[in-house]
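First the structure, in the form of C-alpha cells, and then the observations on it.
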Amino acid sequence: MRLIIGIPAAAVRERPSLFLLMLAACAETEGDRIAGETVATLDDFPAQLDLALDLVEAVSQLRPARATMNGRPVADLNRLWSTLSCYRDSLAEAAPQDYCRRRASRVGEAGGCPAHACASPCPFICARCFQLVGKQDETPAADCLHRIAVEAEVDWCPNLSLCCSDAIEGSSQG
C-alpha cells in the first residue's frame with residue numbers, strides 16, 4: 001500500500017503538530033515557497049499505520065488537502081480514516097478475514113444493509129448490493145465487487161482479497 005497526502009505548505013507552517021506528523025512521514029516540500037505543497041508518502045504498512053491514521057485525521061478538515069491510495073485519488077478522507085482504522089483493528093486478529101465478516105454482519109444487523117443479513121466480506125461494502133448490480137447487467141460477481149470496492153474506496157485493503165472469495169461464490173449461487 002502507498003498513501004500519499006498533500007497539503008499546502010502554508011497549512012503545515014500554521015500548525016506545528018501537523019508539521020511534526022508530516023516530518024515523521026518523510027515529508028517533502030514541492031513547488032515554490034508561496035504556492036508550495038508539502039507531501040507525505042507512507043508505504044511501510046502496517047508499520048506506518050498509526051502514523052497514517054494520525055496524519056489523515058489531522059488533515060481531514062483541511063479543504064485543500066489531497067490524498068491518493070495506491071495511485072487512486074481519495075475523495076473522502078474521513079472514510080479513508082475509518083477504513084485504515086478497521087484495517088488496523090483487523091491486524092490484532094488471528095484471521096483478519098473473520099474480523100471483516102463479523103464487522104460486516106454487525107452493519108447488516110444494525111440496518112446498514114437493506115437485506116439486514118448481509119454476507120458481505122467487508123463492513124464498507126454490501127454483498128447484497130453487488131449481487132443485485134451483477135444480476136442487472138450480467139457483470140460477473142467479482143467485477144461487481146471490485147467496482148463497488150472502488151466506489152467505496154476500500155479496494156486497496158489487503159483483507160479484501162483475503163475475504164472476498166466467499167461472498168463472490170455465495171453471490172453466484174444465489
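Each reported figure results from applying straightforward, stated rules to the coordinates on display, with no laboratory input. Keep in mind the model is a prediction, meaning the values are calculated, not measured. Reconstructed Cβ throughout: ideal geometry from the backbone, glycine too, with neighbour counts over all protein chains shown.
Could you give the alpha-carbon Rg of the stretch 1-102 over 2.2 N^0.38 Å, rounded to two decimals?
Details: Rg = 14.3 Å, N = 102, 2.2 N^0.38 = 12.8 Å.
Cα-based Rg divided by the globular estimate yields 1.12.
At R0 = 25 Å, how high is the FRET efficiency between A24 and R63 if r is their beta carbon distance? Nearest 0.05 is fine. Mind dumping the intermediate values first?
Values: r = 23 Å, r/R0 = 0.92.
My answer for the efficiency is 0.60.
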